[in-house]
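Asks: Below is the structure I would like to discuss, written out as C-alpha cells.
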Amino acid sequence: MTDRSVLFIGGTGIISAASTRRALEAGWQVTVLNRGKTTLRPIPADAEVVVGDISDVEGTRAALGDREFDVVADFLTFTPNQLSERMELFGDRTGQYIFISSASAYQTPPGRVPTVESTPLRNPFWQYSRDKIACEDLLVQAYRDRGFPATIVRPSHTYDHTGLPFDGGWTVAARMLRGAEVVVHGDGTSLWTLTHTDDFARAFTGLLGHPAAIGDSFHITSDEALSWNQIYAIVAAALGVEPRLVHVPSDAIAAEDSNWGAGLLGDKAHSMVFDNSKVKALVPEYTAVIPYVRGAAEAVAWFTADPSRQQVDKGLDAVMDRLVERYRIADRG
C-alpha cells in the first residue's frame with residue numbers, strides 16, 4: 001500500500017477512466033471529483049468519489065474541504081479563465097498539478113516531423129487548440145514566477161472501445177455496412193497516430209508524482225502511424241466489408257460543414273507523427289503495445305453488441321452523400 005494520493009478531475013472520460021484504473025493498480029489512493037452522472041465508464045469501486053462540478057468553484061471547495069493531494073490531474077479545463085480558477089483552488093493543496101492539454105496545440109500544419117515537445121505551439125485553425133495554448137502559457141508563466149507545480153501533458157488522438165476515429169463515429173461504419181462510399185479527407189495518405197487509452201494510461205501514471213515532470217511538458221502517444229486510407233481499411237476489415245473510399249479535399253469538406261472542417265484543418269488533415277523519447281526517459285517501462293487493428297476490433301464488437309449504440313448522424317450522413325456525389329467521378333478518374 002501507499003499513502004500517495006491523487007485527485008482526478010473527471011475520471012470517466014476516454015482518457016481519465018483508464019488513467020484512474022491504472023493509478024489504482026499502481027497503488028495510488030485515488031479520489032475522483034465527478035458529477036456522478038456517467039455510467040458508460042463506471043468508476044472503480046476502489047476509488048473514492050467526491051460528487052461535485054468543477055465549474056462550480058465554491059461548491060468544489062466545499063466538497064473537498066481542507067483536503068490536500070500529492071497530485072491533482074485535471075482533465076476538464078479548456079480555457080484560461082477556467083484554469084485561473086483552478087490554479088487558485090488547488091495551488092496550496094497539491095505538490096503537482098497535471099494539466100491535460102492537446103497535441104493539436106502544436107504547430108499546424110507541422111513544420112517538420114516527428115513532432116517533439118519543443119515543436120512550436122501554433123494552431124490558427126481551431127479555437128479549441130488556441131485555448132489550450134493559452135492555458136499552457138498561463139501555467140508556464142506561473143511556474144517561472146512562483147514555482148507553481150505544473151506538468152503539461154499533450155495527448156493526441158486517444159481512443160477506447162466506445163468510439164471510431166471518424167467524424168460521425170458509427171455513421172461511417174453504417175455507410176460501409178450498407179455499401180455506400182465514405183469520405184476520406186485529402187488523398188488519404190497523411191499519417192495519423194491513434195493511441196489506445198490503456199497505453200496512454202501506462203505512461204501517464206508514471207508521471208504522477210515524478211519530480212522531474214514538474215515545470216515540464218510531455219506528449220504521450222503510440223509509435224504506430226497509419227495513413228487514413230489504412231485506418232478506413234482496418235475498420236472496414238473489422239466490420240467484414242470492403243471499403244469504398246472517395247477522396248475529398250479538406251477545404252471542400254470545411255466549406256460544406258464548418259464543424260467537421262475545423263477538426264480537419266486544425267488537426268486531422270496533417271500528418272502527425274510523434275517522438276516519445278522524452279516521456280520514455282522518465283517512464284522507461286512505457287511502450288505502446290496495442291495496435292489499431294486490435295482497437296478497431298474492440299470498437300466494432302462494442303457497437304455490435306448493442307444496436308442502441310449504433311447512432312447515425314443523419315445530417316452528417318447527408319453531407320457525406322453530397323460530397324460523394326460531387327467528388328466520386330474525380331476520385332475515380
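Asks: Please name all residue pairs, on different chains or six or more residues apart, with Cβ atoms under 7 Å, provided the first residue is in region 33-62 and is within 16 Å of residue 7 (Cβ to Cβ) and the second residue is hydroxyl-bearing (Ser, Thr, Tyr) and part of a loop (DSSP other than H, G, I, E, B).
Replies: 34/12; 43/12
Asks: Quick check on residue 67: is it over 19 Å from residue 218 (Cα atoms), among the charged types (D, E, K, R), modelled with pLDDT of 95 or more and assigned to a loop (DSSP other than H, G, I, E, B)?
Replies: Working: over 19 Å from residue 218 (Cα atoms): yes; among the charged types (D, E, K, R): yes; modelled with pLDDT of 95 or more: yes; assigned to a loop (DSSP other than H, G, I, E, B): yes.
When the stated conditions are applied, residue 67 passes them.
Asks: Follow-up question, since we're still on this one. Every residue in region 1-32 that is part of a strand (DSSP E or B), free of Cβ contacts under 8 Å to residues at least 40 places away in the same chain and either out of contact with any Leu (no Cβ under 6 Å at 6 or more places or on another chain) or of a type in the set (Asp, Glu) (or both), please.
Replies: 29, 32
Asks: In the same structural domain as residue 11 (by TED's automatic domain parsing), farther than 24 Å from residue 138 by Cβ and surrounded by fewer than 16 Cβ atoms within 10 Å (Cβ to Cβ): which single residue out of 58, 48, 88 fits that description?
Replies: On the way: 58 fails: farther than 24 Å from residue 138 by Cβ; 88 fails: farther than 24 Å from residue 138 by Cβ.
The unique qualifying residue is 48.
Asks: Of the conditions (1) assigned to a helix (DSSP H, G or I); (2) more than 23 Å from residue 170 (Cα to Cα); (3) within 18 Å of the chain's Cα centre (by Cα), residue 271 satisfies every one except a single condition; which number is it?
Replies: Tallying (1) assigned to a helix (DSSP H, G or I); (2) more than 23 Å from residue 170 (Cα to Cα); (3) within 18 Å of the chain's Cα centre (by Cα), residue 271 fails exactly one: (1).
Asks: Still on this structure, please answer the following. Failed condition for residue 178, given (1) buried (at least 19 other Cβ atoms within 10 Å of the Cβ); (2) charged (D, E, K, R); (3) more than 23 Å from residue 203 (Cα to Cα), with all others met?
Replies: Going through the list (1) buried (at least 19 other Cβ atoms within 10 Å of the Cβ); (2) charged (D, E, K, R); (3) more than 23 Å from residue 203 (Cα to Cα), residue 178 breaks only (1).
Asks: For region 15-42, which residues satisfy the criterion of being farther than 24 Å from residue 89 by Cα, in contact with a strand residue (DSSP E or B) (Cβ under 6 Å, 6 or more places away or on another chain) and buried (at least 20 other Cβ atoms within 10 Å of the Cβ)?
Replies: Within region 15-42, none qualify.
Asks: Can I ask one more? From the residues in region 277-291 that are among the hydroxyl-bearing types (Ser, Thr, Tyr) and not in a helix (DSSP H, G or I), which one is surrounded by the most Cβ atoms within 10 Å (Cβ to Cβ)? Even if it seems obvious, please write down each step before you answer.
Replies: Initially, region 277-291 is screened for residues among the hydroxyl-bearing types (Ser, Thr, Tyr), giving 277, 286-287.
After this cut, where a residue has to be not in a helix (DSSP H, G or I) as well, the list is 286-287.
Numbers: 286: 20, 287: 13.
It comes out as 286.
Each row is one residue, and each column tells you yes or no for (1) in contact with an Asp or Glu (Cβ under 7 Å, 6 or more places away or on another chain); (2) surrounded by 20 or more Cβ atoms within 10 Å (Cβ to Cβ); (3) not assigned by TED's automatic domain parsing to the domain that holds residue 167.
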site: 202; (1), (2), (3): no, yes, yes
site: 236; (1), (2), (3): yes, yes, no
site: 241; (1), (2), (3): no, no, no
site: 252; (1), (2), (3): no, no, no
site: 258; (1), (2), (3): no, no, no
site: 293; (1), (2), (3): no, no, no
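Asks: Just to be sure before I move on: is residue 78 surrounded by fewer than 21 Cβ atoms within 10 Å (Cβ to Cβ), in the same structural domain as residue 207 (by TED's automatic domain parsing) and of a type in the set (A, V, I, L, M, F, W, C) in the structure I sent?
Replies: Spelling it out, residue 78 is indeed surrounded by fewer than 21 Cβ atoms within 10 Å (Cβ to Cβ), in the same structural domain as residue 207 (by TED's automatic domain parsing) and of a type in the set (A, V, I, L, M, F, W, C).
Asks: Let me ask something else. Any residue at all in region 298-319 that is of a type in the set (Lys, Arg), modelled with pLDDT of 95 or more and touching a Phe, Trp or Tyr at 6+ places or on another chain (Cβ under 8 Å)?
Replies: Yes, that holds for at least one residue.
Asks: So which of 115, 189 ends up being over 16 Å from residue 278 (Cβ atoms) and hydroxyl-bearing (Ser, Thr, Tyr)?
Replies: Selected residue: 189, the only one of 115, 189 that is over 16 Å from residue 278 (Cβ atoms) and hydroxyl-bearing (Ser, Thr, Tyr).
The values are calculated or read from the model by the stated rules, or taken from the named source; none is laboratory data. Worth saying up front: this structure is predicted, and the values here are computed from it rather than measured. For neighbour counting, all protein chains shown are included, and Cβ atoms are generated from backbone atoms with ideal geometry for every residue, glycine included.
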